[in-house]
Amino acid sequence: RLQIGDVLDLKMLLNPELDEEVTIRPDGKISTAVAQDIMAYGKTPEELQAVLNMRYETHLNDPNVAVIVRSFAPSRVYVLGEVNNPGEYIAVGQSLTMLQALSMAGNVKNSAKTDDIVIIRRGGGEQPKAYVANYDEATTGLNPMADVRLVAGDVVFVPRTAVAEAYVNYEQSVQQFIRPAFNMGLTYRLDNYNN
């Protein structure tokens, strides 16, 4: 499937003067000298070729457009949350699967809620969609299809378990106030003892 940033050669067998090199724009579309704003993102080269042939037929007899992928855009995915090394990860060629991305991020922490991993995806437009994936099913072999293939720009978020979330809340709201108060009380008692 074509991705944003892929570079395509459009070859016209009968009209080589109309050959072009185009890059899929951030909005997922391409424009040529003959046809403007054609959605290319998510299509196979053959599907795009069929669309171009239909659009070119209004200007040319038997256009016969060939779509050749010259270079693939690097696929960037982002891994956040309960992983050991959150960040941006880049692959060239075939995009990463969820397990591959998590492996590059140093795998999940013990505090990860692995049955509810969220994948946020923006397609050719800017409308985000959220999907839920199950790490446990993918790694145990119960459902190998749970290891979904990511697309460029996907954000993989690994949430905390309820226990880990409660512990973080405890640390932030209780422990930070208890330690200073305990230290101040200990200092006061030692000062009184020395006097």
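The values are calculated or read from the model by the stated rules, or taken from the named source; none is laboratory data. Quick caveat: nothing in here was measured; it's all calculated off a predicted structure. Accessible surface is based on the protein model in full, side chains and every heavy atom, while ligands, DNA and RNA are left aside. Shrake-Rupley method; radii C 1.70, N 1.55, O 1.52, S 1.80 Å.
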Relative to the longest principal Cα axis of the chain, at what angle does helix 176-194 sit, 0 to 90 degrees, rounded to 10? 30
Helix 45-56 sits at what angle to the longest principal axis of the chain, using alpha carbons and giving 0 to 90 degrees rounded to 10? 50
Nearest-10 value in Å² for the accessible area of LEU80, using the 1.4 Å probe: 80
Quick one: how many Å² of PHE72 are accessible to a 1.4 Å probe, rounded to 10? 120
Sorting MET54, MET39, MET98 by accessible area (1.4 Å probe), largest first, what list results? MET54, MET39, MET98
Can you list the residues, at least 5 places off or on another chain, whose amide H is less than 5 Å from the amide H of ASP154, using H built in the peptide plane? TYR78
In Å², and per residue, what accessible area does region 42-175 have when probed at 1.4 Å with the other protein chains present? 57
Sequence-distant or interchain residues sharing an amide H contact under 5 Å with ILE117, placed H: which? ALA133, TYR135
Give the percent of DSSP beta bridges with both residues in the chain that are antiparallel, rounded to the nearest 5. 90
With 10 Å bins from zero, work out the P(r) of the chain over every alpha carbon pair and list the percent per bin. 8, 25, 21, 16, 12, 8, 5, 3, 2, 1, 0
Ignoring ligands, DNA and RNA, what percent of the accessible area of the chain is carbon or sulfur (1.4 Å)? 54
Using only the heavy atoms of the protein chains and a 1.4 Å probe, how would LEU18, LEU2 rank by accessible area, largest first? LEU18, LEU2
